[in-house]
Amino acid sequence: MKVLFIGGTGVISSEAAALAIREGIDLTLLTRGRSATRRAPEGARVLRADIRDSESVARALAGQSFDAAVDWIAYEPQHVQADIDLLGGRVGQYVFISSASAYQTPPDRLPVTESTPLANPFWEYARQKIECERLLERARRDENFPVTIVRPSHTYDATKVPLPGGGTALERMKQGKPVLVPGDGTSLWTLTHARDFARGFVPLLGNAHAVGEAVHITSDEWLTWNRIFGILAEALGVEPRLVHVPSELVHACDPQFGAGLLGDKSHSRIFDNGRIRQLAPGFRCDTPFAAGAREIVAWHEADAARRTVDPAMEQLIERVLAAYAKAWPGASC
């Protein structure tokens, strides 16, 4: 089976690429080749082009067709329309990587299923993904465009710290500094290791039953934010100083960062994975976050250059903590 990945060296796409190669798929990566962290897996054919440069992409893909194509880096409707124009009639299946943040936020009921409405009034990123999905649904209906929509939810690997504040929050915990926890820390959240995501994703490629479907791929492990911070602190061997801050306050201090909290992480998000198990029988997640946290800490501790603090994030955290302490004089910061 011939498969094209647009992208392929990101957190989740690199694991999917590696598994696809192991499964015997003839994989081509269309990439700019700028990732400093991950390289194309051995056995993949690599084409150098910028997907936003239509002429260079047309030259790179001239005369080629694929059983399936996946765009890992389409975020806006114009990106998707360019794919439709480029790949229409040349692929047996087009896979769009959407986001579980596109689901109704906050959700009326849990667990989330594929029939949960798509609506997110808080986060522009999620709204753009929703518009991409609507465009693809029209293309499927009007042009018989063979689309499959996949919705990941907070997928990570050893290189990605899945905390608000990322690696800066990790370093703050190591230094004994307080860290921001959205809300009261008791909302339930789902973290999925990229390896586990790949196990559900690769069987969708070339799968006729998946064409015309939208499906999420997530872990069945549900953790509170307090526990997520605690597990990472245990892997670090430290006692965390958690400060529970309203997401609205974070948004007031930084609307862009706060939108990702109000539009995603502030609300419990657990999933029914029945549909992916129908499309990918045997799908399972083997990496509990306790194991994933140890991988994260080991990767960051292996090289001092990886233990970085983002000055802008550090300043934002301190500003939020100061504002919270002012609003709640009895709070300990």
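None of the figures in this text is laboratory data; all of them are computed from the coordinates on show. No experiment lies behind these values; they were computed from the predicted model shown. Here the Cβ is made from the backbone with ideal geometry for all residues, glycine too, and neighbour counts use every protein chain on show.
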Counting only DSSP beta bridges with both residues in the chain, tell me the antiparallel percent, nearest 5. 10
Span per principal axis, largest first, for the Cα atoms of region 65-121 (Å): 42, 21, 15
Principal axis box of region 175-266, alpha-carbon based, largest edge first, Å: 50, 33, 20
Hey, with R₀ at 51 Å, roughly what FRET efficiency would D85 and Q278 work out to, going by the Cβ-Cβ distance, to 0.05? 0.95
19 Å Cα cut-off, lysine pairs counted over the chain (separation 8 or more, or different chains): 4
What is the Cα radius of gyration of region 166-209 over 2.2 N^0.38 Å, N being its residue count? 1.88
Which loop-located chymotrypsin sites (Phe, Trp or Tyr not before Pro) does region 21-110 contain, where loop means any DSSP state but H, G, I, E or B and the Cβ has at most 15 other Cβ atoms within 10 Å? Y75
Does region 1-149 classify as rounded, prolate or oblate by the C-alpha gyration tensor (a ≥ b ≥ c root eigenvalues; a/c under 1.5 gives rounded; else a/b over b/c gives prolate, otherwise oblate)? prolate
Residues of region 185-222 with amide N under 18 Å of a point placed 7 Å along Cα→Cβ from E42: none
Would you mind working out the magnitude of the charge dipole of region 20-98 relative to its Cα centre, with +1 at each Lys and Arg C-beta and -1 at each Asp and Glu C-beta, to the nearest 20 Debye? 360
Using a Gaussian network model on the chain with a 10 Å cutoff between Cα atoms, which of P146, P182, P107 fluctuates the most? P107
Sequence gap at least 6, Cα distance under 8 Å: using those rules, report the relative contact order of the chain to the nearest whole percent. 18
Given the rule -39500 (n - 2.57) for each run of at least 4 DSSP H residues, summed and divided by the residues of the chain, what is its mean residue ellipticity at 222 nm, to the nearest 500 deg cm²/dmol? -11500 deg cm²/dmol
For the chain, convex hull volume per residue from C-alpha positions, Å³: 132
Going highest first, how would you order 190-200, 267-277 by mean Cβ packing within 10 Å? 190-200, 267-277
Per residue, the convex hull enclosing the Cα atoms of region 267-333 spans a volume in Å³ of 188
Check: the chain dipole with +1 on Lys, Arg Cβ and -1 on Asp, Glu Cβ, in debye: 340
Let me make sure I get this right: for region 125-229, a, b and c are the square roots of the gyration tensor eigenvalues over alpha carbons, sorted descending. Under 1.5 in a/c it's rounded, otherwise prolate if a/b > b/c, else oblate. Which is it? prolate
Once R0 is set to 41 Å, what does the formula 1/(1 + (r/R0)^6) return for the Cβ-Cβ distance between A62 and R22, expressed as a FRET efficiency to the nearest 0.05? 0.90
7 Å from Cα along Cα→Cβ at both R52 and E137: what's the point-to-point distance in nm? 2.8
Please report the base-10 log of the normalised intensity I(q)/I(0) for region 141-194, using a Debye sum with one equal scatterer per alpha carbon and no solvent, at each q in 0.12, 0.27 (1/Å). -0.45, -1.16
Could you state the per residue volume, in Å³, of the convex hull enclosing the Cα atoms of region 161-318? 127
Compute the relative contact order of region 84-167 as a whole-number percentage, counting only Cα pairs closer than 8 Å that sit 6 or more residues apart in sequence. 37
